[in-house]
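Trainee: Take this structure, written in structure tokens, and hold onto it; I'll ask about it next.
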Amino acid sequence: MNGPVIAGRARRNGLALLRSLVRKPAGLFGLLIVAALLTAALGADWVAPYGEAQQDIAHRLEAPSIRHLLGTDHLGRDVLSRLIYGTRVALGAAVPAVLGAALIGLVLGMLAGYLGGWVDNVVLVVMDTIQSYPTVILALALLALLGPSLQNVIVVIVVGFTPGYARVVRAQVLAIKHSPFVEVERALGASDLRLTLIHILPNILAPLLILLAMDLPSAITTEAGLSFLGLGVRPPTPSWGVTLSEGFAKLRTSPWPVVFAGLALGSTTLGFTLFSETLRDLLDPKLAGTRRA
């Protein structure tokens, strides 16, 4: 009986959150950008007008036209198609990397916040050590050891983003573990595992999800930047960073690949930022109380 009731309640809450998100212009714009990116990534084979490597040598470095809506690059490949297929690479690197960082940070943060003592000290020292290096320097050092590839870019993003999640989770656990409802459960004989999974974890998921949505555009930008430097995805893979790198070599002849790849990165960052900020406003009870006041 409880299963269907809980599922129905979760479905109603999800629909209510979606309606509240759509009512806000910033949230609606962000949601549309996110939906467009997911559609492009999942349906690139049907949405893109040309193949990712299909060439039109006779019309290379062409300006936007009816034949090629965003122009062509130095090899005659359609820029629009390259950007659409590049969405797969961007999300294919960012989504697993951010989810991996969130999962590792969740485990480390809960251990540090709940157990405290030497476990907390060790986790903090490791996280501080990672965060002491600038993200770009850390990424360059790791990729110099691992070699350029999409898998290694994901590993680099996971390493760089994990401390942020660990610190957020640790702070939330420290704030919740001495709450009255947790103390009551502990007094009734609840185990540490039950306290963390049933009572603490559900109360820290909202800020974790908001941070995850905020980190997705940063991960996309990191992948594009590393690919632009030649340390991430390698040509002819249709990464946005590769498109920017190849476009800069022919910038005086045809600026269109650089212009449209930059617009893709900028709109993606803006869309995810507006989406995550609106989501934060809706899920954070303190902000909601401030708005009502």
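Trainee: How far apart, in nanometres, would the label points at residue 55 and residue 74 be if each is projected 7 angstrom from Cα along the Cα-to-Cβ direction?
Mentor: Between residue 55 and residue 74, the simple spin-label model gives 1.3 nm.
Trainee: For helix 79-115, report the angle its Cα long axis makes with the longest principal axis of the Cα atoms of the chain; keep it between 0 and 90° and round to the nearest 10°.
Mentor: Tilt of helix 79-115: around 20 degrees.
Trainee: Report the local net charge at residue 61: Lys and Arg +1, Asp and Glu -1, summed over other residues whose C-beta lies under 13 Å from its C-beta.
Mentor: Charge balance in the 13 Å sphere: -1.
Trainee: Picking from 229, 121, 136, whose Cα lies most toward the positive end of the charge dipole for the chain (charges on Cβ: Lys, Arg +1; Asp, Glu -1)?
Mentor: Farthest towards the positive pole: 121.
Trainee: Another question, if that's okay. Mind checking the angle between helix 201-228 and the chain's longest principal axis? C-alpha axes, 0 to 90 degrees, to the nearest 10.
Mentor: 20 degrees
Trainee: How much length, in nm to one decimal, is gained on full extension between residue 252 and residue 107, taken as 0.36 nm per residue of separation minus their Cα-Cα distance?
Mentor: Between residue 252 and residue 107, full extension yields 47.2 nm more.
Trainee: Okay, moving on. What residue among 264, 20, 276 has its Cα farthest toward the positive end of the dipole of the chain, where the charges are +1 on Lys, Arg and -1 on Asp, Glu, each on the Cβ?
Mentor: 20
Trainee: What value, in deg cm²/dmol to 500, does the helix sum -39500 (n - 2.57) over DSSP H runs of n ≥ 4 give at 222 nm once divided by the residues of the chain? Intermediate values should be presented prior to the final figure.
Mentor: On the way: 12 runs with 217 residues, N = 293.
Value at 222 nm, helices only, nearest 500: -25000 deg cm²/dmol.
Trainee: Applying a 10 Å radius around every beta-carbon, put 203-214, 111-122 in order of their mean neighbour count, most first.
Mentor: 203-214, 111-122
Trainee: How high is the FRET efficiency between residue 191 and residue 128 when r is their beta carbon distance and R₀ equals 22 Å, given to the nearest 0.05?
Mentor: Calculated value: 0.10.
Trainee: Relative to the Cα centre, what is the charge dipole magnitude of the chain, using +1 at the beta carbon of each Lys and Arg, -1 at the beta carbon of each Asp and Glu, and rounding to the nearest 20 debye?
Mentor: Result for the chain is approximately 780 debye, rounded to the nearest 20.
Trainee: Same structure again: Find out how many positive minus negative residues lie around residue 98, taking Lys and Arg as positive, Asp and Glu as negative, among other residues whose Cβ is under 15 Å from that of residue 98.
Mentor: Net of charged neighbours comes to -2.
Trainee: Which of these values of Cα extents along the principal axes in Å was calculated from the structure shown: (1) 59, 39, 36; (2) 78, 45, 38; (3) 80, 41, 40?
Mentor: (2)
Trainee: Rank by packing, highest mean first: peptides 87-94, 126-133, with packing defined as the count of other Cβ atoms within 10 Å averaged across residues.
Mentor: Ranked from most to least packed, the peptides come out as 87-94, 126-133.
Trainee: So how do 154, 104 line up by other beta-carbon neighbours within 10 Å, fewest first?
Mentor: Numbers: 154 22, 104 17.
Neighbour counts put them in this order, fewest first: 104, 154.
Trainee: Between beta-carbons, use under 15 Å as the cut-off and find the net charge around residue 245, counting Lys and Arg +1, Asp and Glu -1.
Mentor: +1
Trainee: Counting other beta carbons within 10 Å of each residue's own, what order do 245, 81, 149, 227 fall into, fewest first?
Mentor: 149, 245, 81, 227
Trainee: Moving on to the next point. Can you tell me the 0 to 90 degree angle between the C-alpha axis of helix 150-176 and the longest principal axis of the chain, rounded to 10?
Mentor: For helix 150-176, the angle is close to 30 degrees.
Trainee: On to the next question. Dipole of the chain (Lys/Arg Cβ +1, Asp/Glu Cβ -1, origin at the Cα centre): which of 38, 184, 97 lies farthest to the positive side?
Mentor: Sorting the options by dipole projection puts first 184.
Trainee: With just the Cα atoms defining each centre, how far is the range 48-72 from the range 128-147? Give it in Å.
Mentor: 37 Å
Trainee: For 59, 68, 178, what ranking results if the residue with the fewest other Cβ atoms within 10 Å of its Cβ goes first?
Mentor: Values: 59 15, 68 22, 178 9.
The order, fewest Cβ neighbours first, is 178, 59, 68.
Just so you know, all these numbers are worked out from the coordinates, no wet-lab data involved. All figures in this text were calculated on a predicted structure; none of them were measured in a lab. Reconstructed Cβ throughout: ideal geometry from the backbone, glycine too, with neighbour counts over all protein chains shown.
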